[in-house]
Amino acid sequence: MKTYTSRDVAEILGMSVREVQEHGRSGYLAPDRGPGNRYRFSFQDLILLRTARSLVRAKVPPRRIRVVLKRLRDDLPRGRSLSEVRVAAAGENIVVRDGGTTWNPESGQVVFDFAVSDLARSAAPFARRGAAEARKADHTLSASEWYELGCELEATDPGEARDAYRRALELNPSHADAHVNLGRLLQEAGATPAAVEQYRAALDADERHATAAFNLGIALEDLGRKQEAIAAYQRALVADPDFADAHFNLSRLYEKTGKRQAALRHLNQYKRIVEQ
């Protein structure tokens, strides 16, 4: 579910509609076609377009821009909040930071640096309009389409995103990813017990959903239930033995509970994974 028309994008980014459409044909964006075969763009496309404009101003060669933007498209987190992502240019390279994780780190001079949350504030009115249009046509949307709309809305309007995930789950109660994302938004809003229920429902639908198990561990930690959190992180590692953050959180919890050898073992695993 792509929310933004070419005219919307032009207004948000201060571009002409013709420029937006030219970028739509560039190959590094993935717009859908809406009514009248017109382009419909995602919030990720907005990030890429703003990055492209900054690289042009930095006099990065066009061929290099296409390369780094395709890389950025692959690196941007999907299915989770974009609100805290930062995008920067170091020389001709793209740097993406999401919390404590960095992709393509470079030590060159920073040409530009912006928080995606700034872009989200500009895009929010258009995203809300798209959500309202989707509700009017909700009988035609599938669970997967409501889920995709939720992913699209997270950075711009978490409340609308929660509603989209709930609608997806009404249609398909076994949609594990919708449970996970709804749980995370509930947790961010302070409704941690409700988030725990969503993570457990995701694991009922997909017992090897590593992210659901990891998020469950975080939520249980927030509730002070350390032993249950340890079990959740262990479950995440059964599903994905190279889940670095699960190793790190287990190391920290084992240290707190006096199990120093176990703590050291998981800390070493964490270092091995992140240093690869």
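The values are calculated or read from the model by the stated rules, or taken from the named source; none is laboratory data. Here the structure is a predicted model, which is why all the values come from computation and not from measurement. For neighbour counting, all protein chains shown are included, and Cβ atoms are generated from backbone atoms with ideal geometry for every residue, glycine included. Just the protein is used for accessible areas: all its heavy atoms, side chains included, with ligands, DNA and RNA removed. Shrake-Rupley method; radii C 1.70, N 1.55, O 1.52, S 1.80 Å.
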Answer with yes or no whether Glu84 is modelled with pLDDT under 60, charged (D, E, K, R) and more than 24 Å from Gly183 (Cβ to Cβ). no
Gly190 fails exactly one of the following numbered conditions: (1) out of contact with any helix residue (DSSP H, G or I) (no Cβ under 8 Å at 6 or more places or on another chain); (2) assigned to a helix (DSSP H, G or I). What is the number of that condition? (2)
Just one of (1) at pLDDT 95 or above; (2) open to solvent by 10 Å² or more (accessible area, probe 1.4 Å); (3) not aromatic (Phe, Trp, Tyr) trips up Leu220, so point out which. (2)
Within region 30-62, of all residues that are at pLDDT 75 or above and among the charged types (D, E, K, R), the one nearest to the chain's Cα centre (by Cα) is Asp45
Taking region 19-38 only, how many residues are of a type outside the set (Gly, Ala, Ser), part of a loop (DSSP other than H, G, I, E, B) and farther than 13 Å from Lys70 by Cα? 3
If you check Arg200, Arg208, which single one turns out to be part of a loop (DSSP other than H, G, I, E, B), at pLDDT 90 or above, open to solvent by 20 Å² or more (accessible area, probe 1.4 Å) and touching a helix residue (DSSP H, G or I) at 6+ places or on another chain (Cβ under 8 Å)? Arg208
Glu228 being part of a helix (DSSP H, G or I), within 24 Å of Ser174 (Cα to Cα) and either of a type in the set (Phe, Trp, Tyr) or open to solvent by 40 Å² or more (accessible area, probe 1.4 Å) (or both): yes
For residues in region 141-159 being assigned to a helix (DSSP H, G or I) and within 18 Å of Leu119 (Cβ to Cβ), which is modelled with the lowest pLDDT? Glu152
The correct count of residues that are open to solvent by less than 30 Å² (accessible area, probe 1.4 Å), under 17 Å from Leu149 (Cα atoms), touching a Phe, Trp or Tyr at 6+ places or on another chain (Cβ under 9 Å) and of a type outside the set (A, V, I, L, M, F, W, C) in region 40-61 is 2
